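S.K.: The structure under discussion is supplied below as structure tokens; questions concerning it will follow.
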Amino acid sequence: DARVTQTPRHKVTEMGQEVTMRCQPILGHNTVFWYRQTMMQGLELLAYFRNRAPLDDSGMPKDRFSAEMPDATLATLKIQPSEPRDSAVYFCASGSGGGLGGYTFGSGTRLTVV
Amino acid sequence: GESVGLHLPTLSVQEGDNSIINCAYSNSASDYFIWYKQESGKGPQFIIDIRSNMDKRQGQRVTVLLNKTVKHLSLQIAATQPGDSAVYFCAENPGTASKLTFGTGTRLQVTL
């Protein structure tokens, strides 16, 4: 089965440190999403890309978060500097344009900032 | 993945019974809807989708109903099994590009 691969699965870091999360979308998928999931806010869309171009990053705190797609096989989400309130599970999802058939989610990166 | 929300609505169903999970959406411009299942420690998993030009769609043991008049979506699971225990999310595409907005989720507990 084709799958979205996220690394690392778990990350514990100290406040102020840079965190980089990586995602390998399913080959051939041209739309990539970053979501954050917390107990209080549920699943929040942070950013998404179509054909590697950012379409919407309005859900992302711009001062500390950045999302990029250096190539079609890699999407990254960086937090610099990290804060305890960034602790959450971060999911990457990929799909074909138009969303038909839904989007496939990775297993997530559980981030803890202490 | 974390369960979502301190006060996730919970539906408790006996094994073998049918389950109905409801979702109210807010954007009348939404034209595409998806149900996802999320098990503990995993990402959301696609179950079934429906476009706004339909009011019903069936899959294997699952049926999605869409009522655009009252902006309501439901997921019906036939003959619920212990493996169906999870948090279920509805998601809507508001018709702009391809982004999905997720609801808060419902926890389904299947009792033996």
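The values are calculated or read from the model by the stated rules, or taken from the named source; none is laboratory data. Note that the structure is a prediction, hence the values are computed from the model and not measured. Neighbour counts run over all protein chains shown; Cβ positions are idealised from the backbone, glycine included. Note: areas computed on protein heavy atoms with side chains; ligands, DNA, RNA excluded. Shrake-Rupley method; radii C 1.70, N 1.55, O 1.52, S 1.80 Å.
S.K.: Taking the options A:63, A:56, name whichever one is more than 24 Å from residue B:42 (Cα to Cα), surrounded by 15 or more Cβ atoms within 10 Å (Cβ to Cβ) and more than 11 Å from the chain's Cα centre (by Cα).
M.R.: A:56
S.K.: Out of B:98, B:19, B:85, I need the residue that is modelled with pLDDT of 95 or more and open to solvent by less than 10 Å² (accessible area, probe 1.4 Å). Which one? Steps first, answer last, please.
M.R.: Details: B:98 fails: modelled with pLDDT of 95 or more; B:85 fails: open to solvent by less than 10 Å² (accessible area, probe 1.4 Å).
Going through B:98, B:19, B:85 in turn, just one is modelled with pLDDT of 95 or more and open to solvent by less than 10 Å² (accessible area, probe 1.4 Å): B:19.
S.K.: Can I ask one more? Which strands (runs of 3 or more DSSP E) does region B:42-112 wholly contain that include 1 or more residues that are of a type in the set (Ser, Thr, Tyr) and within 14 Å of the chain's Cα centre (by Cα)?
M.R.: The strands (runs of 3 or more DSSP E) meeting that bar are B:62-67, B:72-77, B:86-93, B:106-111.
S.K.: Does residue A:65 satisfy the condition of being among the hydrophobic types (A, V, I, L, M, F, W, C), within 12 Å of chain B (Cβ to nearest Cβ) and in contact (Cβ under 8 Å) with a residue 12 or more places away in the chain? Quick ask: steps written out before the conclusion?
M.R.: Details: among the hydrophobic types (A, V, I, L, M, F, W, C): yes; within 12 Å of chain B (Cβ to nearest Cβ): no; in contact (Cβ under 8 Å) with a residue 12 or more places away in the chain: yes.
So residue A:65 does not fit the description; no.
S.K.: Which members of region A:17-38 meet the condition of being in contact (Cβ under 8 Å) with a residue 60 or more places away in the chain, among the hydrophobic types (A, V, I, L, M, F, W, C) and more than 10 Å from chain B (Cβ to nearest Cβ)?
M.R.: Correct list: A:19, A:21, A:23, A:26, A:32.
S.K.: Looking only at strands (runs of 3 or more DSSP E) that lie completely in region A:1-45, which have at least 3 residues being open to solvent by 50 Å² or more (accessible area, probe 1.4 Å)?
M.R.: A:10-13
S.K.: Which is over 15 Å from the mean Cα position of the chain (by Cα) and open to solvent by less than 20 Å² (accessible area, probe 1.4 Å), of A:102, A:95, A:106?
M.R.: On the way: A:95 fails: over 15 Å from the mean Cα position of the chain (by Cα); A:106 fails: over 15 Å from the mean Cα position of the chain (by Cα).
Only one candidate passes the filter, namely A:102.
S.K.: Of all residues in region B:19-35, which are over 15 Å from residue B:58 (Cα atoms) and more than 10 Å from the chain's Cα centre (by Cα)?
M.R.: B:24, B:25, B:26, B:27, B:28, B:29, B:30, B:31, B:32
S.K.: Still on this structure, I have one more. Output the residues belonging to region B:55-96 that are touching an Asp or Glu at 6+ places or on another chain (Cβ under 7 Å), among the hydrophobic types (A, V, I, L, M, F, W, C) and within 14 Å of chain A (Cβ to nearest Cβ).
M.R.: The one that is touching an Asp or Glu at 6+ places or on another chain (Cβ under 7 Å), among the hydrophobic types (A, V, I, L, M, F, W, C) and within 14 Å of chain A (Cβ to nearest Cβ): B:86.
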